[in-house]
Amino acid sequence: MSIFDRIAPIYGMFFNFQVRYFKKIRDRAYHEIDIKKYDSVLDIGCGTCALCKTLADDGLSITGVDTSVRMLNQARKKLKDSRVELIHIDPDDRLPFEDKSFDLVITSYVAHGLQREERLELYREMRRIARKTVVIHDYNKERALLTTVIEWLERGDYFNFIKIAKEEMETIFEQVREINVDKRASWYICYCKNKGKEDQDI
């Protein structure tokens, strides 16, 4: 059983708090990117789907994917009145979508927990699937003691990620804009290579 399967019930307890948080983040980012203008959205690593719920309430067509069965079970309980498609994926498999399947592809607090090659593969997949834009919601360089301790215990790649996040993404995407949406979090807004200028939300 993965750590995310174990902690799924705890995440479920904070679902409403997370929905309020994501609504604040969406509003803070509005001057840079208007999420509501995208018709179809894929959320990679959706967890209990607080972000999916936020976007679904805005009238967007949302698909959420996650490797944790128990996270998705929590999500189904929380999304009884929302039209969100949920799909369980195997972490070793390519995402089950055709190229350019979604207007927007987003992920929240996933990238920092992956090793570098895994992150690059995630970025490549996001670029492949996105028709217009990719948003990576994750930590910025403003470290907190509690986060430092937790990330050290989890043995992810947080400490490297926060040093090179934007530069690393720029090896995959044509343009990356970082905007601070919280004290210790950023939205890395990424535009796909070979995409027409008229599609960019600039």
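The values are calculated or read from the model by the stated rules, or taken from the named source; none is laboratory data. A quick note: this is a predicted structure, and the numbers were derived from the prediction, not measured. Positions of Cβ are generated from backbone atoms using ideal geometry, with glycine treated the same way; all protein chains shown enter the neighbour counts. Ligands, DNA and RNA are stripped out before the accessible areas are found, and what is left, the full protein with its side chains, is counted by its heavy atoms. Shrake-Rupley method; radii C 1.70, N 1.55, O 1.52, S 1.80 Å.
Shown here is the pair-distance distribution of the range 31-79: with all Cα-Cα distances grouped in 5 Å bins from zero up to the longest one, the shares run 5, 23, 30, 21, 12, 6, 2, 0 percent. So, with a 1.4 angstrom probe, what is the percent of accessible area on the chain that is carbon and sulfur? Within the chain, the accessible surface is 49 percent carbon and sulfur.
From helices alone, the chain scores -12000 deg cm²/dmol at 222 nm; the rule is -39500 (n - 2.57) for each run of n ≥ 4 DSSP H residues, then divide by the residue total. Taking all Cα-Cα distances within the range 59-152, those exceeding 24 Å account for 30%. Summed over the residues of the range 109-150 and divided among them, the accessible surface reaches 48 Å² per residue at a probe radius of 1.4 Å.
Between Glu142 and Val69, the contour length at 0.36 nm per residue exceeds the Cα-Cα span by 23.1 nm. Beyond 19 Å in Cα-Cα separation lie the following of the pairs Lys24/Lys166; Lys53/Lys132; Lys37/Lys132; Lys132/Lys163: Lys24/Lys166; Lys53/Lys132; Lys132/Lys163.
Using 0.36 nm per residue and subtracting the Cα-Cα separation, the extra length available between Glu117 and Asp99 on full extension is 4.4 nm. Note on Ser40 and Asp57: the model spin-label points, each 7 Å out from Cα along the C-beta direction, lie 2.5 nm apart. Take Ser61: with every protein chain present and a 1.4 Å probe, its accessible area is about 70 Å². Evaluated at q = 0.10, 0.14 Å⁻¹, a Debye calculation over the C-alpha positions of the chain (equal weights, vacuum) places log10 I(q)/I(0) at -0.38, -0.80. Each 5 Å bin from zero up to the one holding the largest Cα-Cα distance in the range 8-108 carries the following percent of pairs: 2, 13, 24, 26, 18, 11, 4, 0.
Taking the convex hull of the alpha carbon positions in the range 11-51 and averaging its projected area over all directions gives 3.1 nm².
The stretch between Ile7 and Ile89, if pulled fully straight at 0.36 nm per residue, gains 27.7 nm over its current Cα-Cα span. Rounded to whole Å, give me the distance from the Cα center of the range 6-72 to that of the range 163-185. Answer, in whole Å: 20. Scaled against 2.2 N^0.38 Å for its residue count N, the alpha carbon radius of gyration of the range 90-202 is 1.07. The distance between label points at Asn180 and Arg20 comes to 2.4 nm (points 7 Å beyond Cα on the Cα→Cβ vector). When peptides 123-134, 33-44, 167-178 are ranked by their average number of other Cβ atoms within 10 Å per residue, the highest-first order is 123-134, 33-44, 167-178.
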